[in-house]
Amino acid sequence: MNNKAVAPFGFWDSAWSSAKAAAAGRDFAELRAGLGGLVWLQYDPADGRSTLWHWTAQQLRCLTPDGLSVRSRVYEYGGGAFCLTDCGLAFVGEADQQLYHQVLDGAPRRLTARAHCRFGDLRFDARSGTLVAVEESREAGQVVHRLVGIDLRDGARRVLVEGCDFYAAPTLSADGRRLAWIEWQRPWQPWLATRLCVAERAVDGSWLPARVMAGQDDDESLQQPAFDAQGRLLVLSDRNGYWQPWRETADGRLAPLPCVAADHAAAPWQLGNCNYLPLAGDGVLLSWLDDGFACLAEADAKAIGERRLAQGYSRFRQLAADSAHFYVIAAAPEQGSVVLAIERASGQCRALAGGEAPLEACEVSRPQPLSFASGGGCCHAFFYPPHNSGFQGPAGEKPPLLVFLHGGPTSACYPVFDPRIQFWTQRGFAVADLNYRGSSGYGRAYRLQLHRQWGLFDVEDACALVEHLAGLGLIDSSRAFIRGASAGGYTALCALAGGRVFRGGASLYGVSDPLALRRVTHKFEADYLDWLIGDPLQDAERYAARTPLLHAERFQAPLIFFQGGQDAVVLPAQTEAMVAALRERGMPVAYHCYPEEGHGFRQACNQAHALEQEWRFYQRLLGAPA
């Protein structure tokens, strides 16, 4: 018997409030096996802090004192904010970006006092008693990156490697005799062209000149080097079209491991990633994406995927292991992120932290993978139908659609529980999470399609998605909305300036003036816009055509803007100029600025307020229910 109330789509009541959706945003970032158990980094939107937690079979406790937060800001996006040492752990303090050392039962002790520096991608060198880190130094108006060693005893600093524009993923062999890392030069980004370098340790403890082991040409991206127990070097390379594992051979070359043709990692926007793990013998613990859904398997030299693990989950990050367990940060369509322990002998899974199901299973809208035609090729998305056990739409009415656009734009969305998406589906909206051309997770060729096409192909894909869903009878195409943050906000603005597909939209700290962004952006992305759009001088007309701020007269649909007052990536002045231009021509515009937020909102109260205001804004555009 159907006891659902009938109400217009977009106006359903739900106990899943914006505050609950924001509070459900607890997440985990990194984990390391050791110190008798496992240590991970946990972000809590309740106070906006990231803290270190230590799990053993006997207890779970927070190691980070009140008032401290652990977070690296190298390359602005950070990562690799802690590592384990022989007697505790080292980490980066969010407030001052300095290095700290903390014995397991003691208070943190600051190691560095270099106010002009940031640190990230930490590794412990047991042989020398030092921390190996990526250092980001501001010197005479320039930003310089190096690999450095920091002595745990007195904080003494030693430059290990310098001369390249960027460094990432320093890793040491178990015997401490070899150091490997990833480096790359401008104008490339790490998902386009990098090099794998290796150095041998000299008798006096210094590092001999490095050799480039892979990445001699500008058509290969390598990431996540790791040594196995035999001292062989492994790395993920997209030489064959996907980020797949390669291993060092006896003669010093790299050879691919047998594996599926799929990406085994996402684009390395952050440091400290670990998406595969060498095991004893020739074994490897692998994760990869299949139609956007993640797989995890223990593999040996003979076959890949012969032992699937944790099959109820759809995304895996940050792998670790000890003699009894595999560990991973996992996520699934019906529950939040979880630190998972997988028993190696039986494959049984146990949640160590997280994994709550904030919504009852009967209330969750589950992702449906979509592949559809766009621009003469194939594009990908996940569709979430409106779902609320207490409501249904009027007979014959189709739901409004909200298209989600990820940032990056060389990033991706994943089919996992997103409390924001459930906020919308609970209220009668259909949601489509779009992996437009240029997104990672579908191979190098798909990722490169956005070259000089940003603002065109991504917009084309968003419009094609609306047409595809309408053709399937799943949505009302006359009531489609679009929203995005950062680079996704740019795509939303371009879509709203370029046509009449969308009735309205939202830009969260989105780019409205690419050239203004290029003038102030940080070193990591300094050449990114040249790849995405073109040379600002030679392609000036192209920039002008794809700058939403210059085309306020083309906008036909209302917009709501959200901005962080301390945003160093998209400055508030850029968003405010866009708001002023639209208001000048009489376009309905709403604008909310959160003075204490940066590029991405971290405080739960602000996340909840933005979500609620966006919903109310769309309701006004849909009109009052009958």
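Readers should treat all values here as calculations from the given coordinates under stated rules, not as data from a laboratory. Predicted model, so just to flag it, every value in this text is computed and none were measured. All Cβ positions, glycine included, derive from the backbone under ideal geometry; neighbour counts span all protein chains shown.
Structural remarks
- For segment 499-513, backbone phi angles converted through the Karplus equation (6.51, -1.76, 1.60; θ = phi - 60°) give residue-by-residue couplings of x, 10, 5, 10, 7, x, x, 9, 10, 9, 6, x, 7, 10, 9 Hz, Gly and Pro being listed as x.
- Projecting the Cα atoms of Trp16, Asn435, Thr56 onto the charge dipole of the chain, computed from C-beta unit charges around the Cα centre, puts Trp16 farthest toward the positive end.
- Computed as a quarter of the hull surface, the mean projected area of the alpha carbon convex hull for segment 1-44 stands at 6.3 nm².
- Ordering Met587, Met578 by the number of other Cβ atoms within 10 Å of each residue's own Cβ, fewest first, gives Met587, Met578.
- Contour minus Cα-Cα distance for Ala568 and Arg583 (0.36 nm per residue): 2.9 nm
- Per residue, the convex hull spanned by the Cα atoms of the chain measures out at 159 cubic angstrom.
- Full extension of the chain segment joining Asp44 with Glu360 gains 111.6 nm, where the gain is 0.36 nm per residue of separation less the Cα-Cα distance.
- Applied to segment 545-550, the Karplus parametrisation 6.51 cos²θ - 1.76 cosθ + 1.60 on θ = phi - 60° returns per-residue 3J(HN,Hα) values of 5, 10, 10, x, 4, 7 Hz, with x for Gly and Pro.
- Relative to the longest principal axis of the Cα atoms of the chain, the long axis of helix 487-498 lies at roughly 30 degrees.
- Within segment 361-622, the proportion of C-alpha pairs whose separation exceeds 22 Å stands at 53%.
- Straight-distance crosslink candidates among aspartates and glutamates, where the alpha carbon sits under 19 Å from Lys398 and sequence neighbours closer than 8 are dropped: Asp13, Asp433, Glu467, Asp476
- For segment 42-111, trypsin sites (Lys or Arg not before Pro) meeting the loop criterion (DSSP other than H, G, I, E, B) and having at most 11 other Cβ atoms within 10 Å: none.
- Positive contributions from Lys and Arg (+1) and negative ones from Asp and Glu (-1), summed over other residues with Cβ under 15 Å from the Cβ of Arg546, come out at -3.
- Cβ-Cβ FRET estimate between Gln348 and Cys62, R0 fixed at 35 Å, reported to 0.05: 0.85
- Between Gln311 and Val212, the simple label model (points 7 Å from Cα in the Cβ direction) yields a spacing of 4.5 nm.
- Rough spin-label spacing in nm, given labels placed 7 Å along Cα→Cβ, for Ala113 and Gln230: 4.9 nm
- Partner aspartates and glutamates for Lys20 [C-alpha distance under 15 Å; skip if fewer than 8 residues away on the same chain]: Asp44, Asp47, Glu356, Glu360, Glu363, Asp418, Glu612
- For segment 196-336: rounded, prolate or oblate by the Cα gyration tensor [a/c cutoff 1.5]: prolate
- The dipole here belongs to the chain: it is taken about the Cα centre, uses +1 on the Cβ of Lys and Arg and -1 on the Cβ of Asp and Glu, and is about 360 debye.
- Between the amide H of Ala480 and those of Leu401, Arg503, distances stay under 5 Å, these residues lying 5 or more places away or on another chain, with hydrogens modeled in the peptide plane.
- Whole-Å distance, taken between Cα centres, linking segment 437-457 and segment 325-386: 24 Å
- Put simply, the amide H of Arg344, placed in the peptide plane, has neighbours under 5 Å in His325, Phe326, leaving out anything fewer than 5 places away on its chain.
- Backbone phi angles across segment 552-565, fed through the Karplus curve with coefficients 6.51, -1.76 and 1.60 (θ = phi - 60°), yield HN-Hα couplings of 4, 5, 7, 6, 10, 10, x, 9, 10, 10, 10, 9, x, x Hz in residue order; Gly and Pro are listed as x.
- Within segment 125-170, the trypsin sites (Lys or Arg not before Pro) that combine a DSSP coil assignment with at most 16 other C-beta atoms in a 10 angstrom radius are Arg127, Arg153.
- Added length on full extension, which subtracts the Cα-Cα distance from 0.36 nm per residue, Asp282 to Ala19: 89.9 nm
- Annotation for segment 559-626 versus segment 59-77: alpha-carbon center distance of 29 Å.
- Taking other Cβ atoms within 10 Å as a rough exposure proxy, Tyr167, Tyr242, Tyr414, Tyr591 sort from fewest to most as Tyr591, Tyr414, Tyr242, Tyr167.
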